[in-house]
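The values are calculated or read from the model by the stated rules, or taken from the named source; none is laboratory data. This one's a predicted model, so the numbers in the text were calculated from it and none came from an experiment. When we count neighbours, we look across all protein chains shown, and the Cβ atoms used for this are built from the backbone with ideal geometry, even at glycine.
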Amino acid sequence: MRDYQKIQRFLLWVLFISCLLILTKYILFKRSPQYYKNYFSHHYTRQIIKDGWKRANLKPFSTIFLFYRSKRLREEYKYNNIGGNIIGFVPLGILIPALFLSVRSIWKIGLISFCISLSFETTQLLTGLGSFDVDDMILNTAGGIAGYIVYVGLKKLMQRGRQNSLSRSS
């Protein structure tokens, strides 16, 4: 492997890990470190999980339809919630196939995005650091798939660019 390919691969890994850390920050750790220290020291109990199951949305599209129909929620909040769930996973749909040759299919990217989202939602359920919502998993998975479509498009553009530069130099 040439040096620039090693550097490129290293940078892709840095971006991938950074993306996962940013998602973790925005999904799980929205507050200050002091809040979580206090929360886990004094407030976290088994009851949190029971309450989480009561609040969990297990019905597909119910939150999405609620946002769509609600007149009381601000439009900005609706777009940030729905759009943020999609956009946050787009980079994963680009970076995962760039790093792993064996997952270059829309179904594999969809499955990986779903599993990553499921892990975040389950963590929220078990810790009380948010609420489990199947709609978030649907939107996150859609974001990963959208990212993969962007990846495929960029790859085709780069291949055309190489072909054009080779035909000009001939």
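Return the pair list, or none, for Cβ contacts closer than 7 Å from residues in region 10-38 that are β-branched (Val, Ile, Thr) to residues that are surrounded by 12 or more Cβ atoms within 10 Å (Cβ to Cβ), at least 6 apart or on different chains.
Taking only residues 6 or more apart or on different chains, the pairs are ILE27/PHE120; ILE27/GLY130.
Between GLY110, GLY144, which is assigned to a helix (DSSP H, G or I), touching a Ser or Thr at 6+ places or on another chain (Cβ under 7 Å), within 29 Å of ARG31 (Cα to Cα) and modelled with pLDDT of 95 or more? Step through it out loud before you land on a result.
On the way: GLY110 fails: within 29 Å of ARG31 (Cα to Cα).
Answer to the selection: GLY144.
Tell me which of these GLN47 doesn't satisfy, since it passes every other one: (1) surrounded by 12 or more Cβ atoms within 10 Å (Cβ to Cβ); (2) more than 20 Å from PHE100 (Cβ to Cβ); (3) not charged (D, E, K, R).
The failed condition is (1).
Out of ILE17, ILE7, ILE82, which single residue is β-branched (Val, Ile, Thr), in contact with a Leu (Cβ under 9 Å, 6 or more places away or on another chain) and either over 22 Å from LEU125 (Cβ atoms) or surrounded by 11 or more Cβ atoms within 10 Å (Cβ to Cβ) (or both)?
Details: ILE17 fails: in contact with a Leu (Cβ under 9 Å, 6 or more places away or on another chain); ILE7 fails: in contact with a Leu (Cβ under 9 Å, 6 or more places away or on another chain).
Matching residue, one of ILE17, ILE7, ILE82: ILE82.
Please go through region 76-102 and give me each residue that is aliphatic (A, V, I, L, M) and modelled with pLDDT under 95, ordered by number.
Start the filter on region 76-102 by keeping residues that are aliphatic (A, V, I, L, M), which leaves 82, 86-87, 90, 92, 94-96, 98-99, 101.
Listed by number, the residues that qualify are ILE82, LEU101.
State which residue is nearest to GLY128 (Cα to Cα) when the search covers only region 32-79 and only residues that are assigned to a helix (DSSP H, G or I) and among the polar types (S, T, N, Q).
Filtering region 32-79 for residues assigned to a helix (DSSP H, G or I) gives 33-43, 46-55, 62-69, 75-79.
From what is left, the residues that are among the polar types (S, T, N, Q) are 34, 38, 41, 47, 62-63.
Details: GLN34: 16, ASN38: 13, SER41: 13, GLN47: 10, SER62: 21, THR63: 19 Å.
Step by step, filter region 32-79, then rank; the result is GLN47.
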